[in-house]
1. Taking amide H atoms as placed 1.01 Å from N in the peptide plane, list the residues 5 or more away in sequence, or in a different chain, whose amide H sits under 5 Å from that of B:Val59.
2. For peptide A:77-83, what's the mean number of Cβ atoms from other chains within 10 Å of each residue's Cβ?
3. Could you work out how far apart the two model spin labels at B:Leu78 and B:Asp217 are, taking each label as a point 7 Å from the Cα in the direction of the beta carbon, and quote it in nm?
4. Residue by residue through the stretch A:115-125, which ³J(HN,Hα) values in whole Hz follow from phi under the Karplus form 6.51 cos²θ - 1.76 cosθ + 1.60 (θ = phi - 60°), with glycine and proline marked x?
5. How many Cβ atoms of partner chains, on average, are near each residue of A:62-75 if near means within 10 Å of its Cβ?
6. How much length is gained on full extension from B:Thr132 to B:Phe96, taking 0.36 nm per residue of separation minus their Cα-Cα distance?
7. Between B:Arg85 and A:Glu3, how high is the FRET efficiency from 1/(1 + (r/R0)^6) when r is the Cβ-Cβ distance and R₀ = 30 Å? Nearest 0.05.
8. Write out the GluC sites (Glu not before Pro) in the stretch B:216-289 meeting two conditions: DSSP loop, and at most 13 other Cβ atoms within 10 Å of their Cβ.
Amino acid sequence: MAERLLTVDTLSAFHGEAQVLRDVSIDVSVGEVVTLVGRNGAGKTTLLRSIMGLHKNTRGSIALDGTTLDGKSADKRARLGIGWVPDDRGIYATLTVEENLSLPPVVDKDASWSLDRIYEQFPVLRERRDFPGTKLSGGEQQMLAMARPLRAGSRLLLLDEPSEGLAPVIVSQIGQIIRDIRSQGVAVLLVEQNVKFASTVADRHNLLAQGEVVESLDNDAFQSRTTELLQHLGM
Amino acid sequence: MSAFIQYTLQGLATGGFYALAALGLAVIFGVMGVVNFSHGAMYMLGAVGSAVLLDVADVPFWGALVVVPVLLFLFGILVERLLVRWLLALDPLYNFLLTFGLTLLIVDLVKRRYGVSGLPYELPAGLEGRVTIGGLSLSSYQLFAAFFSVALCIAVWLLLTKTRIGMIVRASTEDAERTRALGINVGRWVTPVFGFGIALAGVAGVLAAPFRAITADMGSNFIIILFAVVVIGGLGSILGAVMAGFLVGLVEAYGQAYAPSYAQVLIFVLMAAVVLVRPAGLFGREEAS
(Lines give C-alpha, C1' and ligand atoms only; values in the text may rest on other atoms or scores of the structure.)
Protein backbone atom coordinates (compact mmCIF):
# COMPACT_ATOMS: atom_id res chain seq x y z
CA MET A 1 0.00 0.00 0.00
CA ALA A 2 1.45 3.33 -1.09
CA GLU A 3 2.03 6.11 1.35
CA ARG A 4 -1.05 8.22 1.97
CA LEU A 5 -0.59 11.88 0.98
CA LEU A 6 -3.91 13.67 1.24
CA THR A 7 -6.57 12.89 3.81
CA VAL A 8 -9.89 14.70 3.84
CA ASP A 9 -11.86 13.72 6.93
CA THR A 10 -15.61 14.37 7.29
CA LEU A 11 -15.42 17.71 5.57
CA SER A 12 -18.50 19.90 5.38
CA ALA A 13 -18.56 23.19 3.51
CA PHE A 14 -21.06 26.03 3.41
CA HIS A 15 -21.96 28.89 1.11
CA GLY A 16 -23.64 31.24 3.55
CA GLU A 17 -26.55 29.20 4.94
CA ALA A 18 -26.44 26.52 2.27
CA GLN A 19 -24.44 23.36 2.89
CA VAL A 20 -22.50 22.33 -0.24
CA LEU A 21 -20.46 19.43 1.16
CA ARG A 22 -21.65 16.88 3.74
CA ASP A 23 -19.10 14.83 5.68
CA VAL A 24 -16.90 14.12 2.69
CA SER A 25 -14.02 11.75 3.40
CA ILE A 26 -11.54 10.94 0.66
CA ASP A 27 -7.85 10.20 0.44
CA VAL A 28 -5.12 10.17 -2.21
CA SER A 29 -1.85 8.27 -1.97
CA VAL A 30 1.52 8.96 -3.54
CA GLY A 31 1.52 8.15 -7.26
CA GLU A 32 -2.22 7.71 -7.40
CA VAL A 33 -4.89 9.40 -9.53
CA VAL A 34 -8.22 9.72 -7.75
CA THR A 35 -11.30 11.35 -9.24
CA LEU A 36 -14.32 13.21 -8.05
CA VAL A 37 -17.11 12.57 -10.51
CA GLY A 38 -20.47 14.28 -10.35
CA ARG A 39 -22.84 16.72 -11.96
CA ASN A 40 -22.52 20.47 -11.97
CA GLY A 41 -23.23 21.80 -8.52
CA ALA A 42 -22.39 18.53 -6.77
CA GLY A 43 -19.68 20.35 -4.81
CA LYS A 44 -16.59 19.15 -6.68
CA THR A 45 -14.96 22.54 -7.20
CA THR A 46 -15.83 23.60 -3.65
CA LEU A 47 -13.99 20.53 -2.38
CA LEU A 48 -10.86 21.43 -4.37
CA ARG A 49 -11.09 25.05 -3.20
CA SER A 50 -11.45 23.87 0.42
CA ILE A 51 -8.35 21.70 0.09
CA MET A 52 -6.50 24.68 -1.39
CA GLY A 53 -7.64 26.89 1.48
CA LEU A 54 -9.60 29.24 -0.76
CA HIS A 55 -12.98 28.20 0.55
CA LYS A 56 -12.83 28.88 4.26
CA ASN A 57 -16.34 28.22 5.52
CA THR A 58 -15.74 24.55 6.34
CA ARG A 59 -15.93 21.98 9.14
CA GLY A 60 -13.89 18.80 9.38
CA SER A 61 -10.21 18.37 8.70
CA ILE A 62 -7.74 18.12 5.84
CA ALA A 63 -4.19 16.81 6.18
CA LEU A 64 -1.25 16.56 3.80
CA ASP A 65 1.32 13.88 4.57
CA GLY A 66 0.12 13.72 8.16
CA THR A 67 0.33 17.48 8.72
CA THR A 68 -2.95 19.27 9.28
CA LEU A 69 -3.77 22.04 6.84
CA ASP A 70 -6.54 23.49 8.99
CA GLY A 71 -6.10 27.22 9.52
CA LYS A 72 -3.25 27.44 7.00
CA SER A 73 -3.47 30.08 4.28
CA ALA A 74 -3.65 29.17 0.59
CA ASP A 75 -0.10 30.34 -0.14
CA LYS A 76 1.20 28.27 2.78
CA ARG A 77 -0.62 25.18 1.47
CA ALA A 78 0.85 25.73 -1.99
CA ARG A 79 4.33 25.91 -0.47
CA LEU A 80 3.65 22.61 1.31
CA GLY A 81 3.31 21.02 -2.12
CA ILE A 82 -0.28 21.41 -3.33
CA GLY A 83 -0.54 22.55 -6.95
CA TRP A 84 -3.87 23.97 -8.07
CA VAL A 85 -4.97 23.82 -11.70
CA PRO A 86 -8.28 25.73 -11.71
CA ASP A 87 -11.08 24.99 -14.17
CA ASP A 88 -10.52 28.31 -15.97
CA ARG A 89 -6.83 27.24 -16.12
CA GLY A 90 -5.73 30.36 -14.29
CA ILE A 91 -3.31 31.64 -16.92
CA TYR A 92 -2.21 35.26 -16.48
CA ALA A 93 -2.80 37.52 -19.48
CA THR A 94 -0.27 40.08 -18.23
CA LEU A 95 2.48 37.48 -17.80
CA THR A 96 4.35 35.75 -20.59
CA VAL A 97 4.25 31.97 -20.90
CA GLU A 98 7.65 31.71 -19.23
CA GLU A 99 6.63 34.11 -16.44
CA ASN A 100 3.48 32.06 -15.91
CA LEU A 101 5.73 29.04 -15.38
CA SER A 102 8.20 30.85 -13.14
CA LEU A 103 5.72 32.66 -10.90
CA PRO A 104 5.11 29.97 -8.26
CA PRO A 105 8.05 29.53 -5.88
CA VAL A 106 9.87 26.20 -6.11
CA VAL A 107 8.61 24.15 -3.16
CA ASP A 108 10.77 21.08 -3.60
CA LYS A 109 14.12 21.40 -5.39
CA ASP A 110 14.41 17.66 -6.08
CA ALA A 111 10.92 17.27 -7.50
CA SER A 112 10.92 20.54 -9.40
CA TRP A 113 11.08 20.32 -13.19
CA SER A 114 13.54 22.70 -14.82
CA LEU A 115 12.27 25.01 -17.55
CA ASP A 116 14.32 22.97 -20.03
CA ARG A 117 12.63 19.76 -18.99
CA ILE A 118 9.20 21.38 -19.27
CA TYR A 119 10.03 22.72 -22.72
CA GLU A 120 11.22 19.28 -23.77
CA GLN A 121 7.95 17.77 -22.64
CA PHE A 122 5.84 20.61 -24.06
CA PRO A 123 7.73 21.99 -27.10
CA VAL A 124 4.90 24.35 -27.97
CA LEU A 125 5.48 26.24 -24.72
CA ARG A 126 9.09 26.85 -25.70
CA GLU A 127 7.99 28.27 -29.05
CA ARG A 128 5.55 30.60 -27.31
CA ARG A 129 7.63 31.39 -24.24
CA ASP A 130 7.54 35.18 -24.79
CA PHE A 131 3.84 35.34 -25.73
CA PRO A 132 1.23 36.56 -23.22
CA GLY A 133 -0.14 33.46 -21.50
CA THR A 134 -3.66 33.89 -22.80
CA LYS A 135 -2.53 34.03 -26.44
CA LEU A 136 -2.20 30.24 -26.35
CA SER A 137 -4.95 27.92 -27.58
CA GLY A 138 -7.19 26.24 -25.01
CA GLY A 139 -5.20 23.01 -25.08
CA GLU A 140 -1.88 24.83 -24.81
CA GLN A 141 -3.20 26.84 -21.87
CA GLN A 142 -4.22 23.61 -20.18
CA MET A 143 -0.70 22.23 -20.69
CA LEU A 144 0.77 25.44 -19.28
CA ALA A 145 -1.57 25.24 -16.29
CA MET A 146 -0.46 21.66 -15.61
CA ALA A 147 3.22 22.36 -16.21
CA ARG A 148 3.21 25.23 -13.71
CA PRO A 149 2.91 23.11 -10.52
CA LEU A 150 5.40 20.62 -11.98
CA ARG A 151 7.99 23.37 -12.19
CA ALA A 152 7.21 24.29 -8.59
CA GLY A 153 7.69 20.66 -7.61
CA SER A 154 4.22 20.12 -6.14
CA ARG A 155 3.51 16.68 -4.66
CA LEU A 156 -0.25 16.82 -5.15
CA LEU A 157 -2.07 18.26 -8.14
CA LEU A 158 -5.67 19.39 -7.87
CA LEU A 159 -6.95 19.22 -11.45
CA ASP A 160 -10.31 20.85 -12.06
CA GLU A 161 -11.88 19.53 -15.30
CA PRO A 162 -8.74 19.55 -17.46
CA SER A 163 -10.60 18.01 -20.43
CA GLU A 164 -13.35 20.63 -20.50
CA GLY A 165 -13.86 22.30 -23.86
CA LEU A 166 -10.95 20.56 -25.58
CA ALA A 167 -10.88 18.54 -28.81
CA PRO A 168 -10.66 14.73 -28.38
CA VAL A 169 -7.06 14.59 -29.67
CA ILE A 170 -5.99 17.19 -27.09
CA VAL A 171 -7.92 15.38 -24.37
CA SER A 172 -5.98 12.19 -25.04
CA GLN A 173 -2.73 14.21 -24.84
CA ILE A 174 -3.85 15.59 -21.47
CA GLY A 175 -4.56 12.01 -20.40
CA GLN A 176 -1.04 10.98 -21.36
CA ILE A 177 0.39 13.89 -19.37
CA ILE A 178 -1.59 12.83 -16.30
CA ARG A 179 -0.27 9.26 -16.61
CA ASP A 180 3.29 10.65 -16.95
CA ILE A 181 2.86 12.86 -13.91
CA ARG A 182 1.55 9.89 -11.95
CA SER A 183 4.53 7.75 -12.89
CA GLN A 184 6.78 10.44 -11.38
CA GLY A 185 5.16 9.76 -8.01
CA VAL A 186 2.97 12.84 -8.01
CA ALA A 187 -0.52 12.36 -6.61
CA VAL A 188 -3.50 13.73 -8.54
CA LEU A 189 -6.99 14.59 -7.37
CA LEU A 190 -9.01 14.98 -10.55
CA VAL A 191 -12.43 16.58 -10.87
CA GLU A 192 -14.19 15.36 -14.02
CA GLN A 193 -17.53 15.29 -15.76
CA ASN A 194 -16.09 13.41 -18.71
CA VAL A 195 -16.47 9.92 -17.30
CA LYS A 196 -14.86 8.16 -20.23
CA PHE A 197 -11.77 10.30 -19.88
CA ALA A 198 -11.68 9.77 -16.11
CA SER A 199 -11.69 5.99 -16.55
CA THR A 200 -8.62 6.15 -18.82
CA VAL A 201 -6.40 7.89 -16.26
CA ALA A 202 -7.65 7.16 -12.75
CA ASP A 203 -7.00 4.43 -10.20
CA ARG A 204 -10.01 5.14 -8.02
CA HIS A 205 -13.19 7.14 -8.24
CA ASN A 206 -15.42 9.00 -5.81
CA LEU A 207 -18.94 9.73 -6.97
CA LEU A 208 -20.29 12.96 -5.59
CA ALA A 209 -23.99 13.87 -5.51
CA GLN A 210 -25.47 16.84 -3.69
CA GLY A 211 -22.35 17.33 -1.63
CA GLU A 212 -22.02 13.71 -0.51
CA VAL A 213 -19.76 10.89 -1.60
CA VAL A 214 -22.32 8.28 -2.68
CA GLU A 215 -19.88 5.68 -3.97
CA SER A 216 -16.13 5.01 -3.85
CA LEU A 217 -14.73 2.34 -6.11
CA ASP A 218 -11.68 1.29 -8.06
CA ASN A 219 -11.35 1.78 -11.80
CA ASP A 220 -12.27 -1.79 -12.78
CA ALA A 221 -15.52 -1.70 -10.84
CA PHE A 222 -16.16 1.79 -12.18
CA GLN A 223 -15.74 0.68 -15.78
CA SER A 224 -17.96 -2.36 -15.45
CA ARG A 225 -20.74 -0.38 -13.79
CA THR A 226 -20.39 2.92 -15.62
CA THR A 227 -23.88 3.08 -17.14
CA GLU A 228 -25.63 2.17 -13.93
CA LEU A 229 -23.56 4.63 -11.88
CA LEU A 230 -24.15 7.50 -14.28
CA GLN A 231 -27.87 6.89 -14.22
CA HIS A 232 -27.69 6.93 -10.46
CA LEU A 233 -25.96 10.34 -10.61
CA GLY A 234 -28.38 11.59 -13.25
CA MET A 235 -25.56 12.29 -15.69
CA MET B 1 0.74 75.62 -35.16
CA SER B 2 3.25 76.80 -32.57
CA ALA B 3 0.39 77.42 -30.14
CA PHE B 4 -0.80 73.87 -30.73
CA ILE B 5 2.60 72.47 -29.85
CA GLN B 6 2.64 74.53 -26.67
CA TYR B 7 -0.76 73.19 -25.65
CA THR B 8 0.47 69.69 -26.41
CA LEU B 9 3.46 70.20 -24.13
CA GLN B 10 1.24 71.60 -21.42
CA GLY B 11 -1.06 68.62 -21.84
CA LEU B 12 1.81 66.16 -21.59
CA ALA B 13 3.09 67.87 -18.43
CA THR B 14 -0.36 67.79 -16.79
CA GLY B 15 -0.93 64.32 -18.18
CA GLY B 16 2.28 63.25 -16.48
CA PHE B 17 0.79 64.09 -13.07
CA TYR B 18 -2.34 62.14 -13.91
CA ALA B 19 -0.35 59.21 -15.27
CA LEU B 20 1.92 58.96 -12.21
CA ALA B 21 -0.92 59.29 -9.73
CA ALA B 22 -3.19 56.91 -11.69
CA LEU B 23 -0.37 54.38 -11.82
CA GLY B 24 -0.24 54.48 -8.02
CA LEU B 25 -4.01 54.18 -7.80
CA ALA B 26 -4.04 51.24 -10.23
CA VAL B 27 -1.32 49.29 -8.43
CA ILE B 28 -3.00 49.78 -5.05
CA PHE B 29 -6.37 48.77 -6.46
CA GLY B 30 -4.91 45.79 -8.26
CA VAL B 31 -2.97 44.25 -5.42
CA MET B 32 -5.21 45.21 -2.50
CA GLY B 33 -8.64 45.78 -4.02
CA VAL B 34 -8.67 49.17 -2.30
CA VAL B 35 -10.07 52.19 -4.11
CA ASN B 36 -7.93 54.82 -2.45
CA PHE B 37 -10.01 57.97 -2.28
CA SER B 38 -7.22 59.74 -0.38
CA HIS B 39 -5.03 59.73 -3.48
CA GLY B 40 -5.96 63.35 -4.24
CA ALA B 41 -5.08 64.37 -0.69
CA MET B 42 -1.72 62.62 -1.01
CA TYR B 43 -1.08 64.55 -4.23
CA MET B 44 -1.95 67.75 -2.35
CA LEU B 45 0.41 66.76 0.47
CA GLY B 46 3.14 66.36 -2.15
CA ALA B 47 2.66 69.93 -3.35
CA VAL B 48 2.09 71.45 0.10
CA GLY B 49 5.01 69.44 1.44
CA SER B 50 7.31 70.96 -1.19
CA ALA B 51 6.15 74.48 -0.34
CA VAL B 52 6.55 73.93 3.40
CA LEU B 53 9.99 72.36 3.02
CA LEU B 54 11.09 75.37 0.98
CA ASP B 55 9.65 77.81 3.50
CA VAL B 56 10.83 76.11 6.69
CA ALA B 57 14.05 74.36 5.75
CA ASP B 58 15.03 76.02 2.49
CA VAL B 59 14.83 72.71 0.68
CA PRO B 60 14.74 73.55 -3.03
CA PHE B 61 12.54 71.82 -5.63
CA TRP B 62 15.21 69.28 -6.48
CA GLY B 63 15.52 68.26 -2.86
CA ALA B 64 11.75 68.08 -2.47
CA LEU B 65 11.52 65.81 -5.50
CA VAL B 66 13.48 63.23 -3.51
CA VAL B 67 12.47 63.93 0.10
CA VAL B 68 8.69 64.38 -0.31
CA PRO B 69 8.03 61.03 -2.05
CA VAL B 70 10.10 59.25 0.59
CA LEU B 71 8.13 60.93 3.38
CA LEU B 72 4.86 60.05 1.67
CA PHE B 73 6.03 56.46 1.19
CA LEU B 74 6.54 56.27 4.96
CA PHE B 75 3.20 57.99 5.59
CA GLY B 76 1.52 55.50 3.25
CA ILE B 77 3.04 52.59 5.14
CA LEU B 78 1.75 54.07 8.38
CA VAL B 79 -1.76 54.51 6.96
CA GLU B 80 -1.76 50.94 5.64
CA ARG B 81 -0.48 49.41 8.87
CA LEU B 82 -2.67 51.42 11.24
CA LEU B 83 -5.88 51.76 9.24
CA VAL B 84 -6.36 50.22 5.79
CA ARG B 85 -5.06 46.76 6.78
CA TRP B 86 -7.83 46.16 9.30
CA LEU B 87 -10.58 46.59 6.75
CA LEU B 88 -9.05 44.55 3.91
CA ALA B 89 -11.11 41.47 4.74
CA LEU B 90 -14.38 43.43 4.57
CA ASP B 91 -16.36 44.79 1.65
CA PRO B 92 -14.13 47.19 -0.37
CA LEU B 93 -16.65 49.94 0.39
CA TYR B 94 -15.27 50.17 3.94
CA ASN B 95 -11.81 51.15 2.79
CA PHE B 96 -13.31 53.54 0.26
CA LEU B 97 -15.15 55.24 3.13
CA LEU B 98 -12.07 55.11 5.36
CA THR B 99 -9.88 56.82 2.78
CA PHE B 100 -12.67 59.32 2.08
CA GLY B 101 -12.74 60.20 5.78
CA LEU B 102 -8.97 60.35 5.83
CA THR B 103 -9.12 62.83 2.94
CA LEU B 104 -11.44 65.17 4.86
CA LEU B 105 -9.17 64.93 7.87
CA ILE B 106 -5.96 65.64 5.97
CA VAL B 107 -7.47 68.50 3.96
CA ASP B 108 -8.89 70.18 7.06
CA LEU B 109 -5.66 69.78 9.01
CA VAL B 110 -3.78 71.44 6.16
CA LYS B 111 -6.38 74.24 6.00
CA ARG B 112 -6.12 74.78 9.74
CA ARG B 113 -2.36 75.08 9.61
CA TYR B 114 -1.76 76.84 6.29
CA GLY B 115 -5.09 78.51 5.52
CA VAL B 116 -7.07 78.36 2.32
CA SER B 117 -5.12 80.76 0.15
CA GLY B 118 -2.35 79.46 -2.07
CA LEU B 119 1.14 78.81 -0.76
CA PRO B 120 3.93 80.50 -2.70
CA TYR B 121 6.28 78.42 -4.79
CA GLU B 122 8.68 79.30 -7.53
CA LEU B 123 9.95 77.61 -10.61
CA PRO B 124 13.01 75.55 -9.73
CA ALA B 125 16.48 76.92 -10.29
CA GLY B 126 17.60 76.35 -13.85
CA LEU B 127 14.09 75.94 -15.24
CA GLU B 128 12.69 79.48 -14.86
CA GLY B 129 12.96 80.51 -18.45
CA ARG B 130 11.87 79.31 -21.81
CA VAL B 131 13.81 77.41 -24.39
CA THR B 132 13.61 77.96 -28.10
CA ILE B 133 13.51 74.81 -30.18
CA GLY B 134 13.17 75.20 -33.93
CA GLY B 135 11.62 78.66 -33.59
CA LEU B 136 9.22 77.50 -30.85
CA SER B 137 9.40 79.10 -27.43
CA LEU B 138 8.56 76.52 -24.78
CA SER B 139 8.46 76.66 -20.99
CA SER B 140 11.53 74.81 -19.77
CA TYR B 141 9.72 73.65 -16.65
CA GLN B 142 6.83 72.11 -18.60
CA LEU B 143 9.35 70.44 -20.87
CA PHE B 144 11.12 69.04 -17.83
CA ALA B 145 7.87 67.93 -16.14
CA ALA B 146 6.70 66.13 -19.28
CA PHE B 147 10.02 64.35 -19.79
CA PHE B 148 10.43 63.52 -16.13
CA SER B 149 6.97 61.93 -15.84
CA VAL B 150 7.43 59.95 -19.03
CA ALA B 151 10.84 58.75 -17.79
CA LEU B 152 9.44 57.83 -14.37
CA CYS B 153 6.51 55.97 -15.95
CA ILE B 154 8.99 54.03 -18.09
CA ALA B 155 11.13 53.28 -15.01
CA VAL B 156 8.09 51.98 -13.12
CA TRP B 157 7.09 50.02 -16.20
CA LEU B 158 10.53 48.36 -16.30
CA LEU B 159 10.30 47.61 -12.60
CA LEU B 160 6.94 45.95 -13.17
CA THR B 161 7.90 44.01 -16.29
CA LYS B 162 11.53 43.05 -15.72
CA THR B 163 11.77 42.09 -12.05
CA ARG B 164 10.36 39.26 -9.99
CA ILE B 165 8.69 41.75 -7.64
CA GLY B 166 7.05 43.33 -10.67
CA MET B 167 5.90 39.93 -11.86
CA ILE B 168 4.29 39.24 -8.49
CA VAL B 169 2.62 42.67 -8.50
CA ARG B 170 1.28 42.10 -12.02
CA ALA B 171 0.02 38.64 -11.14
CA SER B 172 -1.64 39.90 -7.94
CA THR B 173 -3.15 42.80 -9.86
CA GLU B 174 -4.69 40.37 -12.31
CA ASP B 175 -5.97 37.89 -9.72
CA ALA B 176 -4.87 38.10 -6.08
CA GLU B 177 -6.66 34.95 -4.92
CA ARG B 178 -5.17 32.77 -7.65
CA THR B 179 -1.72 34.21 -6.97
CA ARG B 180 -2.01 33.21 -3.31
CA ALA B 181 -3.08 29.72 -4.37
CA LEU B 182 0.14 29.47 -6.41
CA GLY B 183 2.19 29.90 -3.26
CA ILE B 184 2.83 33.63 -3.15
CA ASN B 185 2.33 35.49 0.08
CA VAL B 186 0.50 38.41 -1.49
CA GLY B 187 -0.05 39.96 1.94
CA ARG B 188 3.67 40.60 2.34
CA TRP B 189 3.64 42.91 -0.67
CA VAL B 190 0.57 44.84 0.38
CA THR B 191 2.26 47.37 2.69
CA PRO B 192 5.13 48.36 0.36
CA VAL B 193 2.76 48.52 -2.62
CA PHE B 194 0.47 50.90 -0.76
CA GLY B 195 3.42 53.08 0.27
CA PHE B 196 4.73 53.03 -3.29
CA GLY B 197 1.36 54.05 -4.73
CA ILE B 198 1.12 56.95 -2.29
CA ALA B 199 4.69 58.01 -3.10
CA LEU B 200 3.76 58.20 -6.80
CA ALA B 201 0.86 60.53 -5.96
CA GLY B 202 3.41 62.54 -3.97
CA VAL B 203 5.76 62.81 -6.96
CA ALA B 204 2.84 64.14 -9.01
CA GLY B 205 2.20 66.71 -6.27
CA VAL B 206 5.81 67.89 -6.19
CA LEU B 207 5.83 68.22 -9.99
CA ALA B 208 2.60 70.22 -9.86
CA ALA B 209 3.86 72.60 -7.16
CA PRO B 210 5.71 75.06 -9.44
CA PHE B 211 2.83 75.64 -11.83
CA ARG B 212 -0.40 74.96 -10.04
CA ALA B 213 -1.99 76.87 -7.17
CA ILE B 214 -0.93 75.09 -3.98
CA THR B 215 -4.01 74.91 -1.75
CA ALA B 216 -5.52 72.39 0.63
CA ASP B 217 -8.31 71.82 -1.88
CA MET B 218 -6.17 71.14 -4.93
CA GLY B 219 -6.61 67.39 -4.47
CA SER B 220 -10.40 67.32 -4.55
CA ASN B 221 -10.69 68.20 -8.23
CA PHE B 222 -7.65 66.05 -8.97
CA ILE B 223 -9.13 62.87 -7.49
CA ILE B 224 -12.31 63.22 -9.57
CA ILE B 225 -10.30 63.51 -12.77
CA LEU B 226 -8.09 60.66 -11.57
CA PHE B 227 -11.10 58.37 -11.26
CA ALA B 228 -12.08 59.36 -14.81
CA VAL B 229 -8.53 58.48 -15.91
CA VAL B 230 -8.73 55.06 -14.29
CA VAL B 231 -12.15 54.33 -15.81
CA ILE B 232 -10.94 55.41 -19.27
CA GLY B 233 -7.77 53.32 -19.01
CA GLY B 234 -9.53 50.30 -17.57
CA LEU B 235 -9.77 49.56 -13.86
CA GLY B 236 -6.86 47.35 -12.84
CA SER B 237 -4.85 47.96 -16.02
CA ILE B 238 -1.44 49.45 -15.32
CA LEU B 239 -0.69 50.37 -18.94
CA GLY B 240 -4.21 51.78 -19.25
CA ALA B 241 -3.70 54.09 -16.27
CA VAL B 242 -0.56 55.60 -17.80
CA MET B 243 -1.96 55.99 -21.32
CA ALA B 244 -5.26 57.43 -20.13
CA GLY B 245 -3.37 59.82 -17.81
CA PHE B 246 -1.55 61.41 -20.73
CA LEU B 247 -4.68 61.30 -22.90
CA VAL B 248 -6.74 63.15 -20.29
CA GLY B 249 -3.95 65.68 -19.79
CA LEU B 250 -3.98 66.42 -23.51
CA VAL B 251 -7.77 66.65 -23.70
CA GLU B 252 -7.73 69.05 -20.75
CA ALA B 253 -5.04 71.26 -22.29
CA TYR B 254 -6.68 71.42 -25.72
CA GLY B 255 -10.02 72.03 -24.06
CA GLN B 256 -8.67 74.94 -22.03
CA ALA B 257 -7.12 76.41 -25.16
CA TYR B 258 -9.90 75.99 -27.69
CA ALA B 259 -13.08 75.63 -25.63
CA PRO B 260 -12.33 76.90 -22.14
CA SER B 261 -15.86 76.61 -20.80
CA TYR B 262 -16.02 72.95 -21.81
CA ALA B 263 -12.52 71.91 -20.67
CA GLN B 264 -13.70 69.90 -17.65
CA VAL B 265 -16.80 68.53 -19.34
CA LEU B 266 -14.72 67.20 -22.23
CA ILE B 267 -12.91 64.77 -19.94
CA PHE B 268 -16.17 63.26 -18.79
CA VAL B 269 -17.58 63.20 -22.30
CA LEU B 270 -14.47 61.22 -23.23
CA MET B 271 -15.06 58.91 -20.28
CA ALA B 272 -18.71 58.36 -21.23
CA ALA B 273 -17.74 57.67 -24.84
CA VAL B 274 -15.09 55.13 -23.84
CA VAL B 275 -17.42 53.37 -21.43
CA LEU B 276 -20.12 53.17 -24.12
CA VAL B 277 -17.78 51.59 -26.66
CA ARG B 278 -15.57 49.60 -24.31
CA PRO B 279 -17.21 49.18 -20.91
CA ALA B 280 -14.00 47.76 -19.40
CA GLY B 281 -11.95 50.79 -20.50
CA LEU B 282 -9.38 51.17 -23.26
CA PHE B 283 -6.95 48.63 -21.82
CA GLY B 284 -9.24 46.75 -19.45
CA ARG B 285 -10.03 43.14 -20.02
CA GLU B 286 -13.68 42.37 -20.67
CA GLU B 287 -15.23 40.07 -18.10
CA ALA B 288 -15.00 36.51 -19.33
CA SER B 289 -18.45 35.27 -20.25
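The values are calculated or read from the model by the stated rules, or taken from the named source; none is laboratory data. Treat the numbers as computed from the prediction; the structure is a model and nothing was measured. Glycine gets a Cβ as well: all are built from the backbone with ideal geometry, and neighbour counts include every protein chain shown. Heads up: the accessible areas ignore ligands, DNA and RNA and are worked out on the full protein's heavy atoms, side chains in. Shrake-Rupley method; radii C 1.70, N 1.55, O 1.52, S 1.80 Å.
1. Amide H neighbours of B:Val59: B:Leu54.
2. Working: counts 3, 7, 4, 1, 1, 2, 3.
The shielding value for this peptide is 3.
3. About 2.7 nm separates the two model spin labels.
4. 4, 4, 5, 5, 5, 5, 6, 10, x, 5, 5
5. Details: counts 0, 0, 0, 0, 0, 0, 0, 0, 0, 0, 0, 5, 10, 10.
What the average comes to for A:62-75 is 2.
6. Working: separation 36, 0.36 × 36 = 12.96 nm, distance 4.61 nm.
Full extension from B:Thr132 to B:Phe96 adds 8.3 nm.
7. On the way: r = 41 Å, r/R0 = 1.36.
That pair, B:Arg85 with A:Glu3, gives E of 0.15.
8. Details: sites: B:Glu252, B:Glu286, B:Glu287; in loops: B:Glu286, B:Glu287.
Hits after loop and neighbour filter: B:Glu286, B:Glu287.
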